[in-house]
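Each remark here refers to the structure printed beneath this line.
The values are calculated or read from the model by the stated rules, or taken from the named source; none is laboratory data. Predicted, not measured: the structure shown is a model, and the values here were computed from it. Here the Cβ positions follow ideal geometry from the backbone for every residue, glycine too, while neighbour counts run over all protein chains shown. Remember, those area values only see protein heavy atoms, side chains included, never the ligands or the DNA or RNA. Shrake-Rupley method; radii C 1.70, N 1.55, O 1.52, S 1.80 Å.
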Amino acid sequence: MQKCWGLLFAAVNIAAIALFAISPAMGWWLPRNIASYGADVDHLFNLILIATGFFFVLTQGILVYVMIRFAARDGLKARNIHGNTTLELVWTLVPASILIYIGFAQIPTWAKMKYIEIDTLFPVTYKGSNIESDLHVTVLGRQWEWRMRYPQGNIPAEPSVWADSGNLNDLHLVNELHAWKDARVKIHLKTQDVIHSFFLPNLRLKQDALPGKIMPMWFQPIEANVRYNPRTKVLEEIGSLPWEIACAELCGGNHYRMRGKLFIHESKQDYELWFADALKNQRLHESPRPQPIVAAGNGGQP
Amino acid sequence: MSHNDSHGTKPGFLSTYLFSEDHKIIGIQFLFSGLIFFAIGGILALLVRLQLAWPDGNLPYIGRWFPQSWGGKMSPEFYTMLFTMHASVMIFFVIIPWLTGAFGNFLIPLMIGARDMAFPKLNMLSYWVMWPAFIIIMSSFFVDGGAASSGWTGYPTLSNVGAEAGLEKSLPKAGDPSTPYSILKDDSYNSPAAPGAGMGQIFWLVSLIFVGIGSMMGSVNYITTILNMRAPGMNLMRMPLTVWSLFITAILQALALPVLTVALMLQLLDKLIATSFFLPPGGLSFGNWHTTPGGGQPLLWQHLFWFYSHPAVYIMILPAMGVVSDIIATFARKPMFGYKPMVFSMATIAGLGFIVWGHHMFQSGMDPRLGTGFMLATILIAVPSAIKTFNWLATLWGAGILYSTAMLNALAFVSMFVIGGLSGIFMAATPVDVYFHDTYFIVAHIHYVLFMSSIFGIFAGITFWFPKMFGKLMNEPLGKIHFALTFIFGNLTFFPMHILGIGGHPRRYYDPTIYQYLENLQPLNQFMTISAILLGLTQILFVINIFYSVFFGPKADKNPWNSNTLEWDAPSPPPHGNFEQIPIVSRGPYEYALEGPSDHLMQSATTGEGEKTHE
Ligand code: HEM
Ligand SMILES: [Cu+2]
Ligand SMILES: [Cu+2]
């Protein structure tokens with residue numbers, strides 16, 4: 001009977017491991033990565049998974065073992081031990097060094113994702129909006145949709161001024177983010193009401209939109225999922241699943257409804273063909289939805 | 001509840017049980033009000049889970065309670081109120097009051113050999129200011145617009161904008177649900193951001209301010225009592241780990257709480273008199289409504305809030321760590337392994353706890369360079385957590401473990417805390433957290449540390465000290481059944497949340513099924529809801545056990561577990577004034593596994609037979 005408790009703990013832990021083991025096969029895992037730095041992120045995730053998995057098995061294993069081995073019974077005497085300095089040092093320094101290694105391993109990828117230039121580790125230089133990019137888009141969060149604005153010619157003359165002001169000659173779309181494969185895309189993220197968070201699971205990217213600020217984001221997709229057919233004027237999907245955009249910061253009742261779609265065109269030409277038609281279409285049929293000015297010119301600096 | 005008064009004139013019923021200044025009664029009051037809120041918070045959680053499992057279905061039976069205009073369904077706004085109130089209730093009305101209020105009050109004087117707290121009147125007040133908080137938070141469901149709905153984190157500008165905040169007055173937005181039975185109808189407090197961000201948010205803020213005042217009074221009392229009222233011979237390094245944990249917690253609380261109180265007051269001012277601490281210079285537009293320009297910073301709230309709330313998460317677990325340590329030593333019949341490292345690691349956790357708040361804000365728009373510093377500090381906090389885990393395991397190594405209900409719950413704490421601590425590392429790593437932030441991975445983490453760890457620690461503590469509180473033993477078989485089912489259903493409910501997080505499932509979603517990439521996670525959501533319902537039902541066993549045992553449990557003697565600390569020297573239950581004679585302490589609390597007729601020596605025992613003292 002006493003031993004059963006150790007077995008109960010063992011069973012629960014084995015079930016936990018089993019769930020992790022079958023999840024990738026069940027499709028319950030990280031969605032497909034399409035970002036240039038995504039492989040690094042996934043690699044770091046796997047690194048932590050291995051390290052934590054090791055300590056999980058080690059500690060739970062010891063616990064289950066002692067629960068069974070040292071269950072009270074006739075003839076078993078508890079030992080009078082109050083501590084052991086060597087052991088304390090071992091289990092302080094070993095986890096500490098592994099953890100510090102894990103910590104430092106994150107720094108280059110974080111820098112890459114957040115425009116931090118690191119030549120030497122310190123001092124670090126923050127590049128902000130000056131990083132070179134092939135396409136600029138402003139994304140404005142509001143209750144409850146994302147409004148995207150694309151400049152003619154992909155790169156505006158003065159990106160931070162452009163991002164902060166409205167321009168009726170731009171292409172305005174709702175909940176649709178377009179870019180092309182291998183483009184270095186710069187997003188100027190804004191909000192007009194509450195905090196939203198622009199979440200692109202396939203790009204391993206997420207950023208809160210902060211009222212009163214323009215937040216920079218960047219990514220480079222390494223895969224395409226659409227092709228524009230200029231004759232039929234439809235976007236043909238070439239991927240299997242659509243890539244989606246979600247909101248990750250509670251922004252009111254319909255927070256869950258801020259669903260957008262990510263379209264990565266095969267090539268720059270393909271994007272530009274689509275862009276020209278979309279802009280023409282907008283002039284003919286719709287009045288563009290202007291974006292209000294939300295930041296008094298903070299130039300893309302957080 | 002039998003409570004004999006051995007001291008002076010017999011006080012009346014009211015001053016004995018209601019407005020009592022006796023630390024034990026106050027502790028028990030915290031215990032029972034916590035139990036009520038545990039039930040309320042649990043029901044709110046089950047409603048959240050029902051919605052997640054069957055987002056498009058009309059809810060059977062309970063659909064009827066919802067206003068006609070919602071069509072038998074939960075509205076998205078109501079859903080946001082549910083999870084906001086669930087977390088707020090569980091954190092501020094269950095876990096903190098149970099750990100610091102119930103355990104802190106009941107145990108500190110008994111375990112250090114004092115007759116009562118340093119300031120008994122203040123102590124009584126610290127409980128009674130909870131009542132305005134209780135009443136305000138519960139009535140907030142019935143105010144115009146409904147309860148607070150900005151999450152337990154209450155981030156502006158979702159939370160702080162009110163009609164007063166410079167908004168042009170206007171009619172309420174069409175389609176806003178309003179509770180049919182509202183009290184306090186005043187349009188001028190409606191918020192354009194969310195129905196619950198009006199009067200409901202104001203109630204939430206006021207209620208938490210009261211909670212904060214109560215906790216502050218408690219902390220001052222604990223610190224003073226522990227520093228000044230220890231029995232002769234009880235030097236600091238002879239204090240049981242429970243007392244150490246409560247001491248460190250009290251210091252944490254005293255240092256961090258003022259920041260939360262200030263933040264709550266600033267937000268309250270934003271709402272009531274249209275200040276703009278958290279309203280940005282450019283103002284905001286909600287549809288066609290515009291606020292006046294502000295001059296503040298939404299991010300300021302997050303810094304203030306997490307400067308309190310990160311230490312607060314340790315407030316919510318350190319006492320459980322102390323309790324679990326004492327229980328493990330008692331039932332392992334073995335001295336605590338590494339007493340000093342245990343104390344130092346708790347102090348380190350508390351110290352580091354003040355410089356890691358930014359790990360909640362990696363994606364918030366804070367300067368990313370700060371993220372790296374916060375990441376390294378956060379990752380270091382896992383080191384003292386690991387030290388504690390290994391010391392618990394080493395205490396069990398070579399022990400003779402007695403599987404009482406209290407011990408099982410304590411062992412579950414150790415096992416589950418490992419999971420919660422390890423999942424923290426994923427989110428501490430900045431590039432990985434970009435993906436995991438605000439997904440179900442965090443929800444998994446929270447519930448492994450708070451439900452599966454803290455609550456197991458609380459169950460362990462209640463079962464362990466129940467004989468001291470009520471002079472009766474709890475029913476062991478029932479306790480074990482409750483434990484086993486909670487352990488199984490708890491894991492079935494919370495473990496799959498990690499997988500949901502890895503799949504990218506955002507938290508606080510009313511209906512995840514509209515996303516294609518989340519579609520095949522839905523079976524997991526349903527599975528977790530069923531497990532959660534069973535987990536909730538299991539808790540009824542605990543309540544039955546408590547009430548049955550209070551009245552019909554077998555009588556407990558002074559020291560039913562053969563433990564060492566001073567409270568087991570007092571009668572069960574201890575009279576007013578606790579001890580017939582203040583004990584004199586001559587050794588540390590963990591003298592187990594001794595040779596001789598008895599395998600342990602109490603801290604106050606006078607015999608030096610076969611004694612090995614370790615200081
Ligand atoms: C090994 C130690 C731990 C580490 C490294 C750690 C790390 C983290 C990190 C990085 C986050 C933020 C995740 C995000 O928002 O993206 C977080 C959230 C959280 N942690 Fe921990 N944690 C640890 C232990 C604990 C403990 C012991 C508790 C409570 C008893 C706790 C309670 C919470 C809560 C409540 C949140 C979520 C707050 C919210 O957004 O609602 N954590 N943790
Ligand atoms: Cu949102
Ligand atoms: Cu934290």
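Put simply, what bits of the range A:203-230 lose 40 Å² or more of accessible area when the other protein chains are there, versus the chain on its own (1.4 Å probe)?
A:206, A:208, A:210, A:211
Rounded, prolate or oblate: which fits chain A, taking a ≥ b ≥ c as square roots of the Cα gyration tensor eigenvalues, rounded meaning a/c under 1.5, else prolate when a/b beats b/c?
Prolate, since a/c reaches 1.5 and a/b exceeds b/c.
With +1 on the Cβ of every Lys and Arg and -1 on the Cβ of every Asp and Glu, and nothing else charged, how large is the dipole of the range A:135-285 about its Cα centre, in debye rounded to the nearest 20?
The dipole of the range A:135-285 has a size of about 120 debye.
List the residue ranges in chain A for DSSP H helices whose C-alpha atoms run 18 angstrom or more along the long axis and whose Kyte-Doolittle average is -1.0 or above.
Counting only whole DSSP H runs, the qualifying helices are A:2-26, A:38-69, A:85-113.
Add +1 for every Lys or Arg and -1 for every Asp or Glu among the other residues with Cβ under 11 Å from the Cβ of residue A:42, and state the total.
That works out to +1.
Please compute the net charge surrounding residue A:252, taking Lys and Arg as +1 and Asp and Glu as -1 over other residues with Cβ under 9 Å from its Cβ.
-2
Can you give me the convex hull volume of the Cα atoms of the range A:135-285, divided per residue and expressed in Å³?
Expressed per residue, the convex hull around the Cα atoms of the range A:135-285 is 109 Å³.
What share of all Cα pairs of the protein assembly as shown, in percent, falls into each consecutive 10 Å distance bin?
Using 10 Å bins, I get a P(r) of 2, 12, 21, 24, 19, 12, 6, 3, 1, 0 for the protein assembly as shown.
Under a crude label model (7 Å from the Cα following the beta-carbon direction), how far is residue B:347 from residue A:2 in nanometres?
Taking the simple label geometry, residue B:347 and residue A:2 are separated by 3.7 nm.
In the range A:94-108, what residues drop by 50 Å² or more of accessible area when the other protein chains are put back, versus the chain on its own? Use 1.4 Å, and skip ligands and nucleic acids.
By number: A:99, A:106.
Grab the beta carbon distance between residue A:168 and residue A:101, set R0 = 51 Å, and tell me the FRET efficiency rounded to 0.05.
0.45
Please give the total accessible area that chains A and B bury against each other, computed with a 1.4 Å probe and expressed in Å² to the nearest 100.
9300
Only bridges with both residues in chain A count here: give the DSSP antiparallel percent, nearest 5.
Rounded to the nearest five, the antiparallel share is 70 percent.
Describe numerically, in nm with one decimal, the distance between label points set 7 Å from Cα along Cα→Cβ at residue B:355 and at residue B:36.
According to this spin-label approximation, the distance is 4.4 nm.
In the range A:135-285, what percent of the accessible surface is made up of carbon and sulfur (1.4 Å probe, ligands and nucleic acids excluded)?
Of the solvent-accessible surface of the range A:135-285, carbon and sulfur hold 48 percent.
How large, in percent, is the carbon and sulfur part of the accessible surface of chain B at a probe radius of 1.4 Å?
69
In the protein assembly as shown, with Lys and Arg counted as +1 and Asp and Glu as -1 at Cβ, which of these residues, B:87, B:101, B:13, has the Cα nearest the positive end of the dipole, that is, farthest along it?
Checked the options; the winner is B:13.
Given a Förster radius of 45 Å and the C-beta distance between residue A:281 and residue A:32 as r, what FRET efficiency does 1/(1 + (r/R0)^6) yield to the nearest 0.05?
That pair, residue A:281 with residue A:32, gives E of 0.90.
Add +1 for every Lys or Arg and -1 for every Asp or Glu among the other residues with Cβ under 12 Å from the Cβ of residue B:245, and state the total.
0
Give the accessible surface of the range A:135-285 per residue, rounded to a whole number of Å², with probe radius 1.4 Å and ligands, DNA and RNA excluded.
I get 33 Å² per residue for this part.
Which value, in debye to the nearest 20, describes the size of the charge dipole of chain B about its Cα centre when Lys and Arg Cβ atoms bear +1, Asp and Glu Cβ atoms bear -1, and nothing else is charged?
380
Let me spell out the model: positive unit charges on the Cβ of Lys and Arg, negative unit charges on the Cβ of Asp and Glu, origin at the Cα centre of the protein assembly as shown. What dipole size does that give, in debye rounded to 20?
I would put it at about 820 debye.
Could you do me a favour and compute the accessible area per residue for the range B:268-372, 1.4 Å probe, result in Å²?
Here the residues of the range B:268-372 average 26 Å² of exposed surface.
For the range B:266-345 and the range B:406-456, compute the distance between their C-alpha centroids and round to whole Å.
17
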